[in-house]
Amino acid sequence: MKSSRLLSILLLLQTHERMTSKELARRFEVSPRTILRDVEALSAAGVPVHTEQGRGGAIVLDRRSRLDVARLDPAELQLLTVAGLDANLLEQVGLQAVNASAQEKLTAVATRGQVPTRSHLSEVLLIDPSGWFTTGRELDLTDLLAAARERRRIRLRYRHSGETTGQWLTSDPYGLVNKAGSWYLVADVNGKPHMFNTTRIEDREALTDTAVLRADCDLRSVWWDLLTDFQSAPGIEVHALLRSTRLDLAQRILGTRIANITNTDEEWTTITVRYPDVESVRQLLQFGDHIRILSPVEAVTRFHDVAAQIMQAHSSNSSTNVPDQYT
């Protein structure tokens, strides 16, 4: 604990050049006397640090010092290759402590000997990888990440979308991917690539067996292949008229599913939406009377049928209503 505090004190002094013992004591939740003893230990080890007495006195690091203790260890260097993860996401995979240490060292290196002429980049640039209208989930994916790094197989009970219960399978993991705030385990099953939404992994067990990964494949190559297959999967193109005032909303909700946008007049806009199957057209129901499906015929028919079923389920004499619920 003391060695870690000594390093942190030195990093802070490289950043600020001078700090009082009270400031450092508050920072590390120790007494000023403890801080002074730490300074003595640093000085005895040859670090050019000293205390200035009297009013305005402080603990000072020689600005001419060429000390380079702000070196990143291998784990921190690896972390820097992972861009776009916030503190909450890093906590979910057990890397929050490594991140805090790395940021402290990076700050010390970036600000050493510089006269601030403009704001630090971190003060004016914020990357929030979470999606809109999402709530944080309590996830602990540390064991999945550890198994992938150790190249061990993982036995999963996974529930596919639309199913009520999961099925057990054995996977060979390449690693974890975070996309739009959601974590996916990328792994082979029987030599074929899959992506597993971690929120639908009902149970898992890291095995002692060594993972069998395909030659010349890594996490990035497998992930991009999965995305390419997913986005280019054959399906249907739905043509519709959308009220122009709802176009911004549609772009947020439908994203890359919108294949084409053609402005026809001020009130209505023609859009083309790609879906893997006709059943997916029900997603457009959320636009209510702000959308009109034009083609293909099977999409128009399915849209009409689902809308009719909704009307029937919510009619005043529907059998789904609970008797006397409003009395």
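Things to note:
- Annotation note: GluC sites (Glu not before Pro) in segment 207-271 located in DSSP loop regions with a Cβ neighbour count of at most 10 within 10 Å are Glu266, Glu267.
- Loop trypsin sites (Lys or Arg not before Pro), segment 139-208, which have at most 15 other Cβ atoms in a 10 Å radius of their Cβ (DSSP): Arg151
- For segment 236-313, radius of gyration divided by Kirkwood radius, i.e. Rg to Rh on alpha-carbons: 0.95
- When only the Cβ of Lys, Arg, Asp and Glu is charged (+1, +1, -1, -1), the dipole of segment 236-313 relative to its Cα centre reaches about 200 debye.
- Rough spin-label spacing in nm, given labels placed 7 Å along Cα→Cβ, for Ser119 and Asp140: 3.8
- The C-alpha atoms of segment 2-61 occupy a region whose extents along the principal axes are 29, 25, 20 Å, arranged from largest to smallest.
- Theoretical gain in end-to-end length, Ser182 to Phe230 [0.36 nm per residue, Cα-Cα removed]: 15.6 nm
- Each Cα pair under 8 Å and six or more residues apart adds its sequence gap; the mean of these over the residue count of segment 2-61 is a relative contact order of 35 percent.
- Between His50 and Gln96, the C-beta separation translates, for a Förster distance of 45 Å, into a calculated FRET efficiency of about 0.85.
- Cα-projected label distance for Asp265 with Asp62, points at 7 Å along beta-carbon direction, nm: 8.2
- Potential extension, Ala307-Asn190 segment - 0.36 nm per residue separation minus Cα distance: 38.0 nm
- Label point distance in nm, Ala25-Arg220, each placed 7 Å from Cα along Cα→Cβ: 5.0
No value in this document is a laboratory result; all are computed from the given coordinates. Since the model is a prediction, treat every value here as computed from it, not as a measurement. Every residue, glycine as well, gets a Cβ built from its backbone with ideal geometry; the counts of neighbours run over all protein chains shown.
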